[in-house]
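The values are calculated or read from the model by the stated rules, or taken from the named source; none is laboratory data. Source: prediction; values computed, not measured. Heads up, the Cβs are rebuilt from the backbone with ideal geometry, glycines too, and the neighbour counts pull from every protein chain shown. For the accessible areas, the whole protein counts, side chains as well, though only heavy atoms, and no ligand, DNA or RNA atoms are used. Shrake-Rupley method; radii C 1.70, N 1.55, O 1.52, S 1.80 Å.
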Amino acid sequence: MLYAYLAAVALVLFVLGVAKEPRRVSNAVWLGTAALFALLELVVRAHEAPWLKTVLGVAFVVVAMILPVALIANGVVMWRREGHRLRNLLSLLAGAGLAATAVLSLATGPSTNPWLNAPVGSVVFVVAYAAFLFGCFLLYSLVYGRLRRRRGFAAIIVLGAGLANGQVPPLLAARLDRAIRIFRQERHGPLIVVSGGRGPDETRTEADAMREYLVDRGIPADKILTEAEATTTEENLRLATALLPANRRPLVAVTSNYHVFRTAVTARRLGLRLDVAGAPTARYFLPSAFLREFAALVAHYRLTNIAAAGLLALIPWAMLLD
């Protein structure tokens, strides 16, 4: 029952954290920790329940064998559909990394050579740490998307995403369509701020294209403000909110569903009180998109993550001293 108690404690800390401030990364870690301890409790109980042992075995096969193959296949699809850029290879690289770690672990096995076990153990520990953090991030991203308020917004901020030949592509159109739905739900016609500068390969600003898209779909021009300088999520939020009168609160920022949690974390860091709404994204795009968001959060807290991964990597070497 120890793992069950630990899972309950982690879950209580998660609930308290969400109640205090739902935009904290620590909430994701507590939720993931609760899920991990709950899983360990199931593993312990599997010895008494054959059906549970079968379920856990199938789940292990899916994670250890099918998931890497699925990620690699998704990477190939991203490379073909979204262009030959490094960011479109994230799912392929993640799948290859998981597969390589599994092969390395199986190939060495219970080797009696400690100088072989130690480096392999370090790799496994670091990969397990990264996988745990990604699981925390993914799980809480799904939860956080359902925590925001649904009505009563005085202003809507739509984050830019890049243009295709000067036109609004499907990813950005989904964000604008979500903003239109929110606009039409409100009785008093909130302001809409479209935020996005011009990229090096774009002929006009994202904000101009977004404004045109909204006007063509019946949004009054006097309800739209344009912010045409931002090139990052932080700039989107900071510059867009600066355009709004102080009485235009509460606010909601609209972005893609995979980008919701990181946008909320960024808003908290900037001291901005706003909700974040997510727009649907093509399914094939989601694995790489979530991995990119995860990488950005890990990079932001890089000192903490480097220290944690370094300590874990040292554990197998420390065992050599025994």
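Scanning region 44-66 for residues that are open to solvent by 70 Å² or more (accessible area, probe 1.4 Å) and part of a helix (DSSP H, G or I) turns up Val44, Arg45, Pro50, Trp51, Lys53, Thr54, Val55, Val58, Phe60, Val63, Met65, Ile66. The single condition among (1) closer than 21 Å to Pro22 by Cβ; (2) assigned to a helix (DSSP H, G or I) that Ile157 does not meet is (2). Within region 294-315, the set of residues being open to solvent by 50 Å² or more (accessible area, probe 1.4 Å), of a type outside the set (A, V, I, L, M) and without any contact (Cβ under 8 Å) to a residue 60 or more places away in the chain comprises His300, Arg302, Thr304.
For Arg81, the conditions (1) within 24 Å of Ala295 (Cβ to Cβ); (2) surrounded by 16 or more Cβ atoms within 10 Å (Cβ to Cβ) are fulfilled apart from (2). Flag: Gly218 matches the condition of being exposed (fewer than 13 other Cβ atoms within 10 Å of the Cβ) and over 16 Å from Val254 (Cβ atoms). Annotation: of all residues in region 221-259 being under 23 Å from Ala289 (Cα atoms) and of a type in the set (Val, Ile, Thr), the one that is surrounded by the most Cβ atoms within 10 Å (Cβ to Cβ) is Val254. Among the residues that make up region 257-278, is at least one of them farther than 21 Å from Arg148 by Cβ and among the hydrophobic types (A, V, I, L, M, F, W, C)? No, that holds for no residue. Checking each residue in region 127-147 for being in contact with a Gly (Cβ under 9 Å, 6 or more places away or on another chain) and either among the acidic types (Asp, Glu) or more than 18 Å from Ser26 (Cα to Cα) (or both) picks out only Val127.
The residue that is modelled with the lowest pLDDT, among those in region 151-172 that are closer than 11 Å to Val252 by Cβ and open to solvent by 30 Å² or more (accessible area, probe 1.4 Å), is Arg151. Of the listed requirements (1) open to solvent by less than 40 Å² (accessible area, probe 1.4 Å); (2) charged (D, E, K, R); (3) farther than 30 Å from Leu31 by Cα, Arg175 misses just one: (3).
Take the conditions (1) closer than 20 Å to Arg87 by Cβ; (2) open to solvent by 20 Å² or more (accessible area, probe 1.4 Å); Ala318 misses just one of them, which is (1). Applying the criterion of being open to solvent by less than 40 Å² (accessible area, probe 1.4 Å) and in contact (Cβ under 8 Å) with a residue 40 or more places away in the chain to the residues of region 90-119, the residue that is farthest from Leu312 (Cα to Cα) is Ser91.
For region 187-200, state whether one or more residues are open to solvent by 80 Å² or more (accessible area, probe 1.4 Å), polar (S, T, N, Q) and either farther than 18 Å from His259 by Cβ or in contact (Cβ under 8 Å) with a residue 24 or more places away in the chain (or both). The answer is no, given that none of the residues of region 187-200 is open to solvent by 80 Å² or more (accessible area, probe 1.4 Å), polar (S, T, N, Q) and either farther than 18 Å from His259 by Cβ or in contact (Cβ under 8 Å) with a residue 24 or more places away in the chain (or both).
Within region 260-293, the set of residues being assigned to a helix (DSSP H, G or I), open to solvent by 30 Å² or more (accessible area, probe 1.4 Å) and of a type outside the set (A, V, I, L, M) comprises Arg262, Arg268, Arg269, Arg283, Tyr284, Pro287, Arg292. Given the conditions (1) part of a loop (DSSP other than H, G, I, E, B); (2) open to solvent by 60 Å² or more (accessible area, probe 1.4 Å); (3) not polar (S, T, N, Q), report the number of the one that Arg148 does not fulfil. The number of the failed condition is (2).
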